[in-house]
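Here's the structure we're looking at; comments come further down.
Every read-out reported here was derived from the displayed coordinates using simple, explicitly stated rules and does not represent laboratory data. Just so it is clear, the structure is predicted and the values come from calculations on it, not from any experiment. All Cβ positions, even for glycine, are placed from backbone atoms using ideal geometry, and neighbour counts span all protein chains on display.
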Amino acid sequence: MGLFRKRQEPGGGGLAVQIREGGRHPFGVLDGYVPLRQGEIPLYRAIREAVPIVDAAIWKIIRLAGGVGVRCGDSRAQRELDWFLQHVDTGRGQRGLQSFLDCYLDSMLTCGRAVGEIVPNRRRTDIAALLCGNVTDIEIKEGDNPMDFAIWGRDSGGQMRELPRQELLLFTPFQPETDSPYGVSLLRSMPFLTEILLKIYQATGMNWERMGNVRFAVVYKPGDTPLDQSLVQERSRQIAREWSAAMQAGKNGSVRDFVAVGDVDIKVIGADNQVLDSEVPVRQILEQLVARTGIPPFLLGLSWSSTERMSTQQADMMTSEITAIRRALEPVVERICELWLRLHGYGDQVTVEWEDINLQDIVEEARAELYRQQARAVELENQSTEKGASV
């Protein structure tokens, strides 16, 4: 008599239990979001990576804000300054002040602040390069009054210390609040809605995977005879083996019939379920995200309205948004150009001039200009007529 008896397996029941993952979108940082003062920058960058329309909106803002020029009183200094602004080294194989401002503004919109550095040459007679820094590597230490602050960074030992040559460092917060010098990211109000949007996209992808690549439920119902009851597990294994072989043959491009003995029922899993309509909730979320950027929807490829042309009100609002962003960049441009002029012995009085923001149709602008000139001609004709009558 054995100490351990062999356990008798039940004759009925399923052959195997399949366990699947619930499925999550790859941007897990959005699931556990908690608003913080620091450390939220990876979250904002994950939003740009996860939602292409947000990334496209930020790049359109950067492109629309471009086109800077600087004017000074000396004609010779003007020529040399223009050459400097077009050819100054900005790192990573790029040149020109505009490439520096693009990177600087990208950090300012995404992280809520931007930091840069003016790199002089070894003899301290010229500016050798303009470089953007990583905002996660610096801290702002405020002094005794609101006008006094210093930029701190890590030394070779990993300790935070005040960086030398503060006059060569550039720092710009984006829409700073009264209780923090770091500024506010353009994406600050997006994590909650972005998480919902990614859940919808992830569920939609999983539903299409299940319904596009269908799953089958094969149910074998044994008869009431003792022979059928005793062969339940053997027949289940045989049916599972033959069904798997038939499915594998279908993947290889061949057709294989499936033959089973007994009462076998085959159904498609999920065929009777209705896929939720995601158009309305996705549009509502995208409307909120796009509204935060200030970009008109059709500039991002969204045809939400019946008209495809930008209205005058939208153009004015977009122009005011870009103008406000340009005002935040002007002190950086002025500091760079003033330092360059002083290093070369010129007066440091400069004026920053931006290119016009062209959001209207060129044909409509030409027609409007024609109407203005015609009105001006009629006005001059009326004035000459009135003078002739008075004489």
* To do: Net charge near residue 387: determine it from the other residues with C-beta under 15 Å of the C-beta of residue 387, scoring Lys and Arg +1 and Asp and Glu -1.
  => -3
* To do: Could you list 199, 387 in order of exposure, starting from the residue whose Cβ has the fewest other Cβ atoms within 10 Å?
  => 387, 199
* How would you classify the range 43-172 from its alpha-carbon gyration tensor, with a ≥ b ≥ c the square roots of the eigenvalues: rounded for a/c under 1.5, else prolate if a/b is greater than b/c, otherwise oblate? -> oblate
* Let me have the relative contact order for the range 46-188, percent, based on Cα pairs under 8 Å that are six or more residues apart. => 20
* To do: Please work out how much length the chain gains when fully extended from residue 317 to residue 94, using 0.36 nm per residue of separation minus the C-alpha to C-alpha distance, in nm with one decimal.
  => 77.1 nm
* Asked: Toward the positive end of the charge dipole of the range 96-148, about the Cα centre and with charges on Cβ (Lys, Arg +1; Asp, Glu -1), which of 100, 114, 127 goes farthest?
  -> 127
* Order of 215, 113 under a 10 Å beta carbon neighbour criterion, fewest first -> 215, 113
